[in-house]
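K.L.:
One structure, pasted below without further comment.
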Amino acid sequence: MIQSLFLLSPVGEVLIERHFRGVVTSRSVCDTFWEQASVSINHHGGVSAATSLLLDQQQHYDSVPPVMEVPESDQGTLYLISILRDGVSYLAVCPAEVSPLLILEFLHRVHNIFLEYFGSPADESAIKDNFSTVYQLLEEMVDYGWPLTTEPNALKGMIRPPTVMSKLLQTASTIVSDELPSGTVSNMPWRASGVQYSQNEIYMDIVEEVDAIVSSTGAIVSSDVSGSIQCQSHLSGIPDLLLTFKEPELIDDCSFHPCVRYALFEKDQVVSFVPPDGNFELMRYRIKPEQTRHFAPPVYCHSQLSFSSTAAGASSGSGKRGSGQSTFPPTSSDDKGSKTALTTGRLFLLCGVSNLSSLILSASRRGGPLVVEEVAVTIPFPKQTRSTSGFQVSMGSVIFDEAGKVARWNLGQMDASKKASLTCTFTVATTTSSGSGSISSKRLRSNEERMESERISAPNLSLSWKIPLASVSGLSVSGLTIRGENYRPYKGVRNITKSGVFQVRCT
Amino acid sequence: MATPYPNGTGNHGTTPGGMPQPGVPSGVSNVPDSYFTESRKGEINELRNLLRGFGTERDPQRKRDIIKKVIAYMTLGIDVSRLFSEMMLAIETRDLVIKKMVYLYLTNYARTHPELAQMCTNTLQKDCGNDDPMVRGLALRALCGLQLPQMVEYIAEPLRRSLQDGHAYVRKTGVMGILKLYHLDPDSLESSGFVDILYDMLRDPDASVVCNCIIVLNEVMQKSPNGGMAINRAIMLHLLNRIAEFNEFAKVQVLELVPRYIPAHEEEGFQIMNLLDPVLRSSSPAAVLAAVKAFMSLAEHVVDTSSDADAVKTMKRQIVERVKPCLVTQVSAGSSEQMYTLLKHVKLLTEICPGVLDDEYRQFYVRYNEPTHVQYLKVEILPNLANPDTAPDIVTELAELVHNSTHYNLAKAAVRSMAAIATAHGRGGPGAVEAIARRLVELLDLNIEHVSAEAATSLARIVRTPEGPGLKSLLAPPLVRALKYTTEPYGKASIVYLLAECAKDSDNTTTLIPEAPYALEKLIDSYAEQSLVVKSALLSAMVRLFFQQPAQCQRMLGRLLQHATNDVSSQNLHDRALFYYRMLKTGNPHDLERIVTHGGEAVAKEHFSEDLQPEEMEQLMEEFDSLTVIYGIPSTNFIDPEHQVKYTKMPPEHPLAPGTDDTTMASQRGPAAAPPLAIAMEQHFAPTPAPAPVASSFEVDLLGGFGDSPAPPPAPAPTGLVLSASVSMSGEDYQNKWGAIADANSFVSAVPLPRMPSSTQDVEQALASHHIQTMASGELAAEFKFFLFAQTPDGVLFLVQSNIDKTISEPLMIVTLKIVDDATMNATSPQKLTDQLIEIMTKALA
């Protein structure tokens, strides 16, 4: 049960607060949260900047676990369950035992609804500009601290999204007479009734995401393929769809959108459902491990990292490491007297498309060369990096985020004929004493934290790429039929393989 | 069939390409002016003027903007309560958006302006009868949400009407309204009969109404002995049969009822499992986890524990095996927050059912861009997944992490996890301990302060395992070197310990570290600079080395003892040094040798005191899918008392639980030779008078409504404590038996009395009629004293000493009770027996 919900801006001010249980939770709860969250901001030099190159679901304040307690509020111990999305922190305040996953899922849903209503990103300004819609939504989504109506389509029946049309017609009076919600089709809460399209169409993307850790020698340490079917449905009335696979036995484990009739899948391995309107995820699946065991990544990235230390200051400890290539990263010197040691790092990357990829290409694609799209390499430099210089690339472009110390090398489209290289140098400062005067929190003063900030590690690269019309598993659709409606919709189904969390270790 | 469409439309992952996006604007632009501009002085007055013109304003959009401005101020935390009466005029509108905003304003300020809020009751009540279900629902929610005690009388009637509304939206709002009413005035709820209506409404055709009923009933009945809604078989099966209709949040509500339900028989337990199986396919991790909890709780009811004591355990393993792919799918699919929460639960499962998740170990490899709290968790889980097949990979991965992690603490955690594999008895398979020790020895030389220190501490642990003695020659070489550059106290102390331990090989002849004394001598020289743990380790190590190499060590030890005996910073250290000194001086050195060299036997299986004990794990498992698992401690330890809920399993009529065996009870009652009077203990099993009739009447109702429901459960068998009528005992016997049981094993309870007894006779007679005999009694100035006893036909003897304080106004009999159970066959726990006897006494004295 959620006692209160707070939405905080990227600088920790309260954007929206809502108390569901007739008890007003003091804003000091947010202060406690922010005090802890801001530690990670200082650490990385601005969270919003650091996360700008990361995927949405990887946003987090490192110093705040998703569940944290506020021990001595005026209402006893309170528990804060939080997420960070598009720079906005969503805080659910709970006083009692609760399923944390339920609350997390609810917060995710709130954010997703905001995305549906206000578009992406649902950031501070989107929320500020639409605050009255936000209040209306929260009013319908929660009653007395419990999730109430959370289905996008059901909500849209009750609260009209600020669409382009309504924006344009903002001054016209017609818009105000909001149509009243038609009775919800209660056994299908995900689908609004009376949907009409002049052109009926449904698109399905069978997306397989490859999560992998690749060692510096190119060997796969771990890999995992998770698939999902993303749909966009614009179909009139109440269409009843039946999706069949060519080789359903490829699927090891799966989870479904509530609209799917699970029993039929269990019996006949067919996916039978009445789709929600608009974008939705029909199912997620995992492939049998034996299918992925021989998976060879389509893109490789070799790295070479070397350090040479140029002592600046009375450093003596770094002498024993010498210069030149080292197998592990240098550490700060033991000598308490030394102040700053500058180490120069040299990074060389070679990136290309592998000929030996084990991907299964769709029929229309076979024969041609393997083309990989949206290839990019993200290079998180050590936190202590002072400066980077001399980015030289044989193709693509590099952007460097100074605050987050992250570089992104965008390579675009590649095939096996191309090889791309990147070189750069960077300097790393290793300090052993009182360099952290600007950090206000006491927490950072502790010895261990100080040590923490000194360790320099080799960056772990993350690769992203996308290959349309290809699949790891070879899962493909053999048919998509529609019942219950008379029209013949346009149907589009395609396979996409792309990188999930794809990391390459660099030593 | 399906037409592939051309690629290269450049769309990003999750949106299928090739189609124009629906018209969702950025939401940022195109807003006339921000509502969040700084408030200037007098702006509230300006708003007031605007609101006064509200009635004459013809442009609906401008109307909205005025109200929006007020709400914007409210959002900023500016007090706009002065506009209350003006805002109330705006409530009369057909514009739903304005209505909603005014309602929001109203609920926000009602508490501070109760008299003004009361003025709009009429409007709200009228809106509750509006043609539009949306307006009806909103008005009802606002009405109940005002939270004003004086409003209770205005709420009840619209609330009652709403529960019969034709529209589900109004009904579910009404159900929630009952909860608000309950918090406003618990008494009025009791008299209104709303609870009965709610039980009836569990049959509502709309699943979200049903879900709200469950939520409200659980909360309203929270303080009842059930700890929530009363459940019987009909209710449970009805809800489970509809599980597919509920959305993910509602599913969790239904699933949370399952652990509180006792299936009628094993067959039913399996039926429920089958009904719940589809939930595991849900895309919602919350629903999946709630289903896992339900499965685990059912495990106890679907197996026959009499033939196989480990049956429950086996069942649980099978369940974890079944849910494993679902959990792994959820872990890899979810956000980092969900991942963290799920991993906490997975960790508990790996501890309860070791081995089941082993083959998924690669899922738990750390990725650098994960939050550190997720990384730590993964590192903690990995050793739990080690078996002879997986251990080599896991150790390699952990070592990789030690070398590459940017976080010192994570590197240390990885070292600890490696050691955990080595010290977990035989988990890593043959050779694993040595392989891990080798890696740790390498880390000693890594010259990364904290990592080396942690490695030293881990090695000190490993050397005590059965494989430890064989590793000494491996550990010895780097120790002297490591001692030089380790400064972290615990790491240093560990190296000192290892120096003494590994100075000689396990055969006790080969000297592995001849220079060990000299390495330690440096520490003796700088004794004052060392921390306490190092000093302490140094003292032990030096004494041990002295017995190995007396010639080299004698003078050093002398100096160390002198330092230590002069050291007043630690009493313990000082005393220990003095003790060693005297042992050596009084010419009894061999006794000391025996003390300090522990004889070389290794710790067979290391138990770390911080590890969870099986009982604790069971306790956590009972509270699976909750904050308890996140914090790793039972909720009673951290949730504020007012929010603590303790539920009882229900229903009691058809328990499979041990200790309440119907047949033995029947056979006891059967022979009429002795006249044991069976006292039915309904009170004990049907704790709330309130929900019981509701539940039973509802059951009949439900069964009428659902033809396919199973037959009603068997009638409750009277169970309880039977006392023998004629028991005799001598005073001496009584005293002996009383004295034989330690006071610590006695139970203390209290029996309330309706009035103060006039004499001991009253009490004795009343108790005797219930077969509780009096050994002796007496009346003192301030109290009555009684020595009582009673016995059951199967030989359980109760000895009772009790007293009644005459001075206090509320008469109360304080009872101290000891149980002599020679048979020890009795399955009923002593606590239960005590409760039952107290029940009898309460009845007798009532």
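K.L.:
Quantify how strongly other chains surround peptide B:247-253 by giving the mean number of their Cβ atoms within 10 Å of each of its Cβ atoms.
P.N.:
6
K.L.:
May I ask you to list the aspartates and glutamates whose Cα is less than 19 Å away from that of A:Lys419, ignoring any residue fewer than eight positions away on the same chain?
P.N.:
Qualifying aspartates and glutamates at Cα under 19 Å: A:Glu373, A:Glu374.
K.L.:
Continuing with the same structure: Ignore the peptide's own chain and count Cβ atoms of other chains within 10 Å of each Cβ in A:101-114; give me the average, rounded.
P.N.:
What the average comes to for A:101-114 is 5.
K.L.:
Further question on the same structure: Carbon and sulfur: what percent of the stretch B:448-493's accessible surface (1.4 Å probe)?
P.N.:
In the stretch B:448-493, the share of accessible area belonging to carbon and sulfur is 56 percent.
K.L.:
Follow-up question, since we're still on this one. Once amide H atoms are placed 1.01 Å from N in the peptide plane, what residues at a sequence separation of 5 or more from A:Ser216, or on another chain, have their amide H within under 5 Å of its amide H?
P.N.:
Those lying under 5 Å, H to H, from A:Ser216 are A:Arg505.
K.L.:
At 1.4 Å probe size, with no ligands or nucleic acids counted, give the accessible surface of A:Ile287 in Å², nearest ten.
P.N.:
A:Ile287 has an accessible surface of roughly 10 Å² with all protein chains in place.
K.L.:
Separate question: When the Karplus curve 6.51 cos²θ - 1.76 cosθ + 1.60 is applied with θ = phi - 60°, which whole-Hz ³J(HN,Hα) does each residue of the stretch B:190-198 get, with x for Gly and Pro?
P.N.:
4, 6, 7, x, 5, 4, 4, 4, 4
K.L.:
Related question: Which aspartates and glutamates, on any chain, are close to A:Lys246 with Cα under 13 Å apart, when same-chain ones fewer than 8 places away are left out?
P.N.:
A:Asp268
K.L.:
In square angstrom, rounded to the nearest 10, how much accessible surface does B:Arg64 have for a 1.4 Å probe?
P.N.:
Answer for B:Arg64: close to 30 Å² accessible.
K.L.:
Just to confirm a number: summing +1 for Lys and Arg and -1 for Asp and Glu over residues other than A:Ala376 whose beta-carbon lies under 13 angstrom from that of A:Ala376, what do you get?
P.N.:
Charge balance in the 13 Å sphere: +1.
K.L.:
For the interface of B with A, what's the total buried accessible surface in square angstrom, probe 1.4 angstrom, rounded to the nearest hundred?
P.N.:
When B and A are taken together, about 12100 Å² of accessible area is lost.
K.L.:
Please compute the contact order of the stretch B:343-401 in relative form: average sequence separation of alpha-carbon pairs under 8 Å and at least six residues apart, divided by the residue count, as a percent.
P.N.:
40 percent
K.L.:
Which one, A:Ser421, A:Ala407, A:Ser387, is farthest towards the positive end of the dipole of the stretch A:365-428 when Lys and Arg carry +1 and Asp and Glu -1 on their Cβ?
P.N.:
Of the candidates, A:Ser421 comes out farthest on the positive side.
K.L.:
Additional query: Taking a quarter of the surface of the Cα convex hull of the stretch B:150-307, what do you get in nm²?
P.N.:
Dividing the Cα hull surface by four gives the mean projection, 10.1 nm².
K.L.:
As a quick test, which of the pairs B:Lys378/B:Lys646; A:Lys128/B:Lys69; B:Lys646/B:Lys832 have an alpha carbon distance above 20 angstrom in this structure?
P.N.:
B:Lys378/B:Lys646, as the Cα separations exceed 20 Å there.
K.L.:
Using all alpha carbons of the stretch B:95-209, what is the percent of pairwise distances in each 5 Å bin, ordered from the shortest bin to the longest?
P.N.:
The calculated distribution, bin by bin, is 2, 12, 24, 24, 20, 11, 5, 1.
K.L.:
As a test question: what accessible area, to the nearest 10 Å², does B:His113 have when a 1.4 Å probe is rolled over all protein chains in place?
P.N.:
The accessible area comes out at roughly 40 Å².
K.L.:
Now, a different point. Can you sort A:Asp253, B:Asp507 by 1.4 Å-probe accessible area, starting with the largest?
P.N.:
Of A:Asp253, B:Asp507, the descending order of accessible area is B:Asp507, A:Asp253.
K.L.:
Here's something else I'd like to know. Suppose we compare each residue of the stretch B:614-646 in its chain alone and in the full protein complex with a 1.4 Å probe; which ones drop by at least 40 Å² of accessible area?
P.N.:
B:Leu627, B:Tyr631, B:Ile639, B:Asp640, B:His643
K.L.:
Enumerate the amide H contacts of A:Val299 below 5 Å, restricted to partners 5 or more residues apart or on another chain; note that Pro and chain-start residues carry no placed amide H.
P.N.:
Sorted by chain and number, the residues that satisfy this are A:Ser354.
K.L.:
Looking only at other chains, what is the average number of their beta-carbon atoms within 10 angstrom of each beta-carbon in B:446-457?
P.N.:
Mean shielding by partner chains, rounded to a whole number: 2.
K.L.:
Let me ask something else. Considering only Cα-Cα distances, which of the following residue pairs are longer than 32 Å: A:Lys267/B:Lys251; B:Lys313/B:Lys737; B:Lys472/B:Lys535?
P.N.:
From A:Lys267/B:Lys251; B:Lys313/B:Lys737; B:Lys472/B:Lys535, over 32 Å: B:Lys313/B:Lys737.
K.L.:
Once the mean 1/r over all distinct Cα pairs of the stretch B:115-154 is inverted, what Kirkwood radius in angstroms do you read off?
P.N.:
10.1 Å
K.L.:
Between B:Arg438 and B:Glu115, 0.36 nm times their residue separation minus their Cα-Cα distance comes to what?
P.N.:
108.5 nm is the gain from fully extending B:Arg438 to B:Glu115.
K.L.:
Here's another thing I want to ask about it. As an exercise, use a Förster radius of 45 Å and the Cβ-Cβ distance of B:Asn274 and B:Lys843 to find the FRET efficiency, rounded to the nearest 0.05.
P.N.:
E between B:Asn274 and B:Lys843, to the nearest 0.05, is 0.55.
K.L.:
So if I take the alpha carbon set of the stretch B:366-478, get Rg, then get Rh from the Kirkwood formula, what is the Rg over Rh ratio?
P.N.:
That ratio is 0.95, to two decimals.
K.L.:
Output needed for the stretch B:237-365: three equivalent-ellipsoid semi-axes, defined as square roots of 5 times the C-alpha gyration tensor eigenvalues, in descending order, whole Å.
P.N.:
Equivalent-ellipsoid dimensions as semi-axes: 24, 21, 10 Å.
K.L.:
About the Cα centre of the stretch B:103-254, what is the dipole size in debye to 20, counting +1 per Lys and Arg Cβ and -1 per Asp and Glu Cβ, all else neutral?
P.N.:
300 debye
K.L.:
Counting only protein heavy atoms, probe 1.4 Å: which residues of the stretch B:125-168 lose 50 Å² or more of accessible surface in the full assembly compared with their chain by itself?
P.N.:
SASA drop of 50 Å² or more in the stretch B:125-168: B:Met134, B:Arg141.
K.L.:
Can you sort A:Asp205, B:Asp762, B:Asp165 by solvent-accessible area, 1.4 Å probe, largest first?
P.N.:
Most to least solvent-accessible, the answer reads B:Asp762, B:Asp165, A:Asp205.
K.L.:
Spin-label point model (7 Å from Cα, Cβ direction): what's the B:Ser85 to B:Ala750 distance in nm?
P.N.:
Going by the 7 Å Cα→Cβ label model, 5.5 nm.
K.L.:
To continue, here is another question. Explain nothing, just compute: Karplus ³J(HN,Hα) = 6.51 cos²θ - 1.76 cosθ + 1.60, θ = phi - 60°, for every residue of the stretch B:402-408 in order, whole Hz, x for Gly and Pro.
P.N.:
4, 6, 10, 6, 7, 9, 4
K.L.:
Using the beta-carbon distance between B:Val820 and B:Glu190 and R0 = 41 Å, what value does 1/(1 + (r/R0)^6) give for FRET efficiency, to the nearest 0.05?
P.N.:
0.40
K.L.:
Which whole-Hz couplings ³J(HN,Hα) result when phi for each residue of the stretch B:551-561 is put into the Karplus expression 6.51 cos²θ - 1.76 cosθ + 1.60, θ = phi - 60°, listed in order with x for Gly and Pro?
P.N.:
Karplus values, whole Hz, x for Gly and Pro: 4, 5, 8, 4, 5, 4, 4, x, 5, 5, 5.
K.L.:
Excluding residues on the same chain fewer than 8 positions from A:Lys383, give the aspartates and glutamates whose Cα lies under 17 Å from its Cα.
P.N.:
Partners within reach: A:Asp62, A:Asp401, A:Glu402, A:Glu448, A:Glu449, A:Glu452, A:Glu454, B:Glu370.
The values are calculated or read from the model by the stated rules, or taken from the named source; none is laboratory data. Computed from a predicted model, the values in this text were never measured in an experiment. All Cβ positions, glycine included, derive from the backbone under ideal geometry; neighbour counts span all protein chains shown. Surface accessibility is based on the protein's heavy atoms, side chains included, excluding ligands, DNA and RNA. Shrake-Rupley method; radii C 1.70, N 1.55, O 1.52, S 1.80 Å.
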